[in-house]
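Have a look at the structure below before the remarks.
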Amino acid sequence: MIDTPFTFTLPLPQVIPSRVDNHIERRLSALRGQFLDEESFIKMLSSEDKLIYEVYEIQRPQLDGELIMGISIVHPGKVGKEFFMTKGHFHTILETSEIYYCLRGEGYMVMETPEGEASVEALSPGNVLYVPPRWAHRSVCTARQEDLVTFFAYPANAGHDYGTIEQQGFRKLVMDGSDSPEIVDNPRWTKSR
Ligand code: PA5
Ligand code: NI
């Protein structure tokens, strides 16, 4: 396939790309089993299946050499003391890297490898984060009122493995501490494979 170059814009303040092929909305129910405080999760879900995050994708053919780009918007809020977050995933092709550029808000990227390493990097406007191959990643919004908005780009043939994280969770959690976010060990983390 021969293609021609194109540009698009990320107009402030909404930062929704001027060219979008796919708009994904993920609600609270999609994160079942991921938040530590099950009781708060069930209570919250019984009143509303709240919108937790959205992704605007610029699609490309899922071929070697192509890149998928987009904007991820994690809305502010908490389940119990745990901040709203994305499902998080490994890429199906584990040897995949990804770039994130934070445009708005405050938060963290929670990451880990199958080999047992863990890393939690702060995100604030202007930060560029490189997620190396093999690192699962989850974005967490810690601002009280503002969305966490990031631009991302990754190889279009990477695929998403959500199942591993659905089963084992992430090793680290981001909780609301007394005056700042706290990164704690996940007491329920279990190796799934
Ligand atoms: O591939 C990525 O890391 C992003 O495009 C994410 O898909 C996006 O941030 C949403 O997160 P998730 O795919 O974990 O629901
Ligand atoms: Ni990814």
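The values are calculated or read from the model by the stated rules, or taken from the named source; none is laboratory data. Worth saying up front: this structure is predicted, and the values here are computed from it rather than measured. With ideal geometry, Cβ positions are generated from the backbone for all residues, glycine too; neighbour counts draw on all protein chains shown. Each accessible area value is taken on the protein alone, full model and side chains, heavy atoms only, with ligands, DNA and RNA left out. Shrake-Rupley method; radii C 1.70, N 1.55, O 1.52, S 1.80 Å.
Could you please give the count of residues in the stretch 122-147 that are more than 14 Å from ligand 2 (Cβ to nearest atom), open to solvent by 30 Å² or more (accessible area, probe 1.4 Å) and in contact with a strand residue (DSSP E or B) (Cβ under 9 Å, 6 or more places away or on another chain)? Walk me through how you get there before you give the answer.
Of the stretch 122-147, the ones more than 14 Å from ligand 2 (Cβ to nearest atom) are 122-128, 140-147.
Then keep just the ones that are open to solvent by 30 Å² or more (accessible area, probe 1.4 Å); that gives 122, 124-128, 144-147.
Okay, now just the ones that are also in contact with a strand residue (DSSP E or B) (Cβ under 9 Å, 6 or more places away or on another chain), so 122, 124-128, 146-147.
Result for the stretch 122-147: 8.
Within the stretch 55-65, is there a residue that is within 28 Å of Asp179 (Cβ to Cβ) and assigned to a strand (DSSP E or B)?
Our first condition is that a residue be within 28 Å of Asp179 (Cβ to Cβ); within the stretch 55-65, this holds for none.
Scanning the stretch 55-65 turns up no residue that is within 28 Å of Asp179 (Cβ to Cβ) and assigned to a strand (DSSP E or B).
Could you go through the stretch 6-23 and let me know if any residue there is under 14 Å from the mean Cα position of the chain (by Cα), touching a residue at least 24 places away in the same chain (Cβ under 8 Å) and either within 15 Å of ligand 2 (Cβ to nearest atom) or outside any strand (DSSP E or B) (or both).
no
What are the residues in the stretch 85-116 that are among the charged types (D, E, K, R) and touching a Phe, Trp or Tyr at 6+ places or on another chain (Cβ under 8 Å), if any?
Lys87, Glu98, Glu112, listed by residue number.
Kindly establish whether Thr150 is open to solvent by less than 50 Å² (accessible area, probe 1.4 Å), within 15 Å of ligand 1 (Cβ to nearest atom) and closer than 18 Å to Gly77 by Cβ.
So Thr150 fits the description; yes.
Quick test of your reading of the structure: Phe84 fulfils all but one of (1) over 12 Å from the mean Cα position of the chain (by Cα); (2) open to solvent by less than 50 Å² (accessible area, probe 1.4 Å). Name the failing condition by number.
Result: Phe84 fails condition (1) only.
Check His160 against each of (1) within 15 Å of ligand 2 (Cβ to nearest atom); (2) in contact with a His (Cβ under 7 Å, 6 or more places away or on another chain); (3) open to solvent by less than 40 Å² (accessible area, probe 1.4 Å) and name the one condition it does not meet.
Looking at each condition in turn, His160 falls short on (3).
For the stretch 68-78, state whether one or more residues are basic (Lys, Arg), over 21 Å from Ile99 (Cβ atoms) and open to solvent by less than 80 Å² (accessible area, probe 1.4 Å).
Yes.
Across the stretch 38-54, what is the total count of residues that are in a loop (DSSP other than H, G, I, E, B) and open to solvent by less than 60 Å² (accessible area, probe 1.4 Å)?
Taking the stretch 38-54 first, the residues in a loop (DSSP other than H, G, I, E, B) are 48-50.
From what is left, the residues that are open to solvent by less than 60 Å² (accessible area, probe 1.4 Å) are 49.
Going through the stretch 38-54 one residue at a time, the tally reaches 1.
When you go through Gln167, Gln145 one by one, which is the residue that is modelled with pLDDT of 95 or more and part of a loop (DSSP other than H, G, I, E, B)?
Gln145
Given (1) buried (at least 21 other Cβ atoms within 10 Å of the Cβ); (2) in contact with a His (Cβ under 8 Å, 6 or more places away or on another chain); (3) within 21 Å of Glu25 (Cβ to Cβ), where does Met111 come up short, assuming only one miss?
(3)
Could you give every pair whose Cβ atoms fall below 8 Å, whose first residue belongs to the stretch 80-95 and is on the phi < 0 side of the Ramachandran plot, and whose second residue is within 9 Å of ligand 1 (Cβ to nearest atom) and in a loop (DSSP other than H, G, I, E, B), counting only separations of at least 6 or pairs across chains?
Lys87/Tyr162; His89/Tyr162; His91/Ala158; Thr92/Ala158; Ile93/Ala158
Just to be sure, is Leu94 within 22 Å of Arg134 (Cα to Cα) and open to solvent by 10 Å² or more (accessible area, probe 1.4 Å)?
When the stated conditions are applied, Leu94 passes them.
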